[in-house]
Amino acid sequence: MNFSSRSALKKFLERKVKQYNRPDFIPDDPICIPHSFSKKQDIEISGFFAALFAWGNRTTIINKSRELMLLMDNSPYLFCRDHAQSDLKRLLAFKHRTFNTTDLLYFISFLKSHFSKNNSLESAFFKTKIQGNTGSVIENSLNAFHHYFFSLEDVPQRTKKHVAAPQNKSTCKRLNMFLRWMVRTDNCGVDFGIWKKCSPAELVCPLDLHVARVARSLHLLERKPNDWIAAMELTRTLRTLDEHDPVKYDFALFALGIVEKF
């Protein structure tokens, strides 16, 4: 599809954002998992797992996320914070693709440790309110989160592959998606906007194979490898369309790639 001008492209993408950034988008997307909770910490924890599980078939992602929440008595915050060792036995059979019991038990250990000293998962990503919109703020935050997440003793080496970091050249698609859920705020009812230390202007667009393919076909992205540099390039381009909320276009690019097979 060719557009005669950047304004025509923006108009097209804005129309797609409006089409998909609405409540009826929720049930078929992993974001439905945190939407089944009302307590802030439950939203954060369930959203974190749902985002980290988000590769492959969306129905499977949703079903496995629901399975895990059920194993936590549908109270992930209380389970992670207050569980006894005996409570962990029910988790031993859980598996999602390459994410296994070893990984899950470490995740639970981290969350227990973090919430023993903090009231929100936001402080694991953002210690203080951040300024600027170059994307480097998110890059630094994600690298710092990776270091913090794996700061407990006896970290299983295999688990490190499940939490991406820009320093490892990853696009960090799933973490950027999680940050979009927590940080973006509007009146459309999909993203939560419950984290205030980072503004939507500072977010980086989640980049996977489908988004990258659509972005390149629309000349929003030129870089060939799908890596952190590409995610930053795409986000810089999207900021020329909306400097205050560039990641809203994730709705358009994702839907064009997955739903409409653009």
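Quick notes on this structure:
- Residue in the range 58-71 that is more than 25 Å from Asn168 (Cα to Cα) and either outside any helix (DSSP H, G or I) or in contact with a Gly (Cβ under 8 Å, 6 or more places away or on another chain) (or both) present: no
- Filter result for Ser136 (touching a residue at least 12 places away in the same chain (Cβ under 8 Å) and among the polar types (S, T, N, Q)): no
- The listed residue being surrounded by fewer than 23 Cβ atoms within 10 Å (Cβ to Cβ), touching a residue at least 60 places away in the same chain (Cβ under 8 Å), among the acidic types (Asp, Glu) and out of contact with any helix residue (DSSP H, G or I) (no Cβ under 7 Å at 6 or more places or on another chain), out of Asp245, Asp227, Asp186: Asp186
- For the range 94-126, the set of residues classified as of a type in the set (Ser, Thr, Tyr) and either assigned to a helix (DSSP H, G or I) or free of Cβ contacts under 8 Å to residues at least 40 places away in the same chain (or both) consists of Thr101, Thr102, Tyr106, Ser109, Ser113, Ser116, Ser123, listed by residue number.
- Within the option set Lys112, Lys169, Lys160, Lys196, being of a type in the set (D, E, K, R) and over 21 Å from Ser46 (Cα atoms) holds for one residue only, Lys169.
- Among residues of the range 164-183, those that are of a type in the set (A, V, I, L, M, F, W, C) and either surrounded by fewer than 16 Cβ atoms within 10 Å (Cβ to Cβ) or not in a helix (DSSP H, G or I) (or both), counted: 3
- No other residue among Phe48, Phe12, Phe99, Phe25 is surrounded by 20 or more Cβ atoms within 10 Å (Cβ to Cβ), out of contact with any Ser or Thr (no Cβ under 6 Å at 6 or more places or on another chain) and under 30 Å from Leu238 (Cα atoms) apart from Phe48.
- Contact map, the range 145-167: residues that are over 12 Å from Phe110 (Cβ atoms) and in contact (Cβ under 8 Å) with a residue 60 or more places away in the chain paired with residues that are surrounded by fewer than 20 Cβ atoms within 10 Å (Cβ to Cβ) and among the β-branched types (Val, Ile, Thr), Cβ distance under 8 Å, separation 6+ or inter-chain. Pairs shown: Lys161/Thr98.
- Residue among Leu52, Leu13 that alone is in contact (Cβ under 8 Å) with a residue 40 or more places away in the chain and more than 25 Å from Leu142 (Cβ to Cβ): Leu13
Throughout, read-outs are computed from the coordinates displayed, never taken from laboratory work. The shown structure was predicted, so the numbers you read here are calculated from the model rather than taken from an experiment. Neighbour counts are summed over all protein chains in view; Cβ atoms, including those assigned to glycine, are modelled from backbone coordinates with ideal geometry.
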